[in-house]
Amino acid sequence: YKKKSMEIFEDIESDVRSYCRAFPTVFTKAENYTLQDVDGKEYVDFFAGAGALNYGHNNHKMKKKLIDYIMNNGITHSLDMATSAKAVFLEKFNEVILKPRKMNYKVMFPGPTGTNTVESALKLARKVTGRETIMSFTNAFHGMTLGSLSVTGNKFKRHGAGVPLNHSVFAPYDKYYGDKFDTINYIEKLIDGAATGITTPAAIILETVQGEGGINVAEFEWLRRISEVCKLREIILIIDDVQAGCGRTGTFFSFENTGIEPDIVCLSKSIGGYGLPMAITLIKPEIDIWKPGEHNGTFRGNNLAFITAVEALTYWENDDLHKDVMRHEETVKIFLDELVIKYPIIKGEVRGRGLMQGLSLGIEGFAEKVCKIAFEKGLIMETCGANKEVLKIMPPLTIDSVGLMKGLKVLESSVETCIK
Ligand code: PMP
């Protein structure tokens, strides 16, 4: 590129409706946790492609496999046909993920993105139960197409539809009304109390850690009780692990130590590895009732993503990545806890699991300001929460201690700058 970053940026901004406003530069290269723009400026990445790069940018192992596959004229279309790449992925997924966890699920490819897996889950739950309503939660985020948006709690996002979205009912997420309020009791009354006018839902859909909604962490006991609510009423339990899954919280599935067994699991973002679009829907065999063709599409089996996904799964053949995430979690928590004590003015609260951490800030507009300054200082970070009040710390899981500390120090110095 002969043009400077901001010249290209203005061209792009004037021509397309894009996301890039939050990060006004033009990125050109990336490796593991570092991004570079066309001016040669480097950034530490605490955003990881919105969670799609758990294994880092341009992961070396995946890159090599992808090049070999293309050089060998491997199938590159994404139709849901039988291909050797798909067969290898399914075998590996079964061997490395499902079998060791004693999980019995059918694997479906619902389309390229997170919203596709959510749509498939909602649609199947309705077909299986013959019921219409879906229950989801305050501050939930499940996607931007009509079905997934209808179960997304964020009002601003829902307003994008212009008219009310039907068939959904929102319940309070764990601790939404504080520690004292028994949300499960409330939910049971909501479902069973005829006076509320709510019919038994087809499904309850939830994130074990709400990503876009502000890094809200559900207690394991709360998840178990939700699971009981579902079992007693034959409600399909859908866990949306699109963001919290694929190792983000330290284990491959975010729910695997909770004792719950979802009927449907949604995965996307990092399942393909390498940032390639891929999604899967895991379905309990007894509710796998769709006939061939009842749910299909052109881009359901991304063969290039199967190649990189197999490499991604090798990270789960041993405990190393899990241990790294746990170690990094500790570093982030200690750092942020100290930051909160050092600067009481920011009214900070730290929460999260694994490398899905949030720093909630009690001053309106402060988190957005910190992100803007952090970007100028070389750190890519996003806000989340209903009022964008939470800083989201979500680097690639493959980040090393040096990179992690570098990013955290930029975060601290950005907070300092914003206080002044
Ligand atoms: N579910 C969750 C929990 C998500 O975080 C997201 C994306 N942020 C989605 C679904 C939708 O995924 P996509 O943007 O790929 O459609």
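Of note:
- Taking the average, over residues, of other Cβ atoms within 10 Å as the packing measure, peptides 359-366, 407-414, 269-276, 79-86 rank 269-276, 407-414, 359-366, 79-86 from highest down.
- Packing rank of 59-68, 149-158, 307-316, 5-14, where each peptide gets the mean count of other beta carbons within 10 Å, highest leading: 307-316, 149-158, 59-68, 5-14
- Given 123/175; 157/392; 123/269; 323/406, the pairs whose alpha carbons are separated by over 27 Å: 123/175
- Highest-first packing order for the peptide set 213-219, 111-117, 179-185 is 111-117, 213-219, 179-185, based on the mean count of other beta carbon atoms within 10 Å.
- Applying the Karplus relation 6.51 cos²θ - 1.76 cosθ + 1.60 with θ = phi - 60° to the stretch 259-275 yields 3J(HN,Hα) values of x, 8, 10, x, 7, 9, 10, 9, 10, 7, 6, 8, 5, x, x, 6, x Hz, where x marks Gly and Pro.
- Cα gyration tensor shape for the chain, rounded if a/c is under 1.5, else prolate or oblate: oblate
- Tensor-based shape of the stretch 1-90 (alpha-carbon gyration tensor, a/c under 1.5 rounded, otherwise prolate or oblate): prolate
- Taking a ≥ b ≥ c as the square roots of the eigenvalues of the alpha carbon gyration tensor, the stretch 94-232 is rounded, as a/c is under 1.5.
- Normalised contact order of the stretch 253-410, rounded percent, pairs of Cα under 8 Å and 6 or more residues apart: 15 percent
- Normalised contact order of the chain, rounded percent, pairs of Cα under 8 Å and 6 or more residues apart: 23 percent
- Relative contact order, percent, the stretch 32-77 [alpha-carbon distance under 8 Å, six or more residues apart]: 31 percent
- Remark: for residue pairs 102/127; 41/388; 64/372, the C-alpha separation exceeds 31 Å in 64/372.
- Excluding same-chain neighbours fewer than eight residues apart, the aspartates and glutamates reachable from residue 333 by a Cα-Cα span under 15 Å are 324, 349, 412.
- Projected label distance in nm at residue 88 and residue 103, using a 7 Å step from Cα toward the beta-carbon: 2.3 nm
- Pair residue 75, residue 145: separation of 7 Å Cα→Cβ label points (nm): 2.2 nm
- Per-residue [θ]222 nm for the chain (sum of -39500 (n - 2.57) over DSSP H runs n ≥ 4, rounded to 500): -11000 deg cm²/dmol
Read-outs throughout are calculated quantities, based only on the coordinates presented, and are distinct from any laboratory measurement. Every value quoted in this text rests on a predicted model; they were computed, and no experiment measured them. Neighbour counts are summed over all protein chains in view; Cβ atoms, including those assigned to glycine, are modelled from backbone coordinates with ideal geometry.
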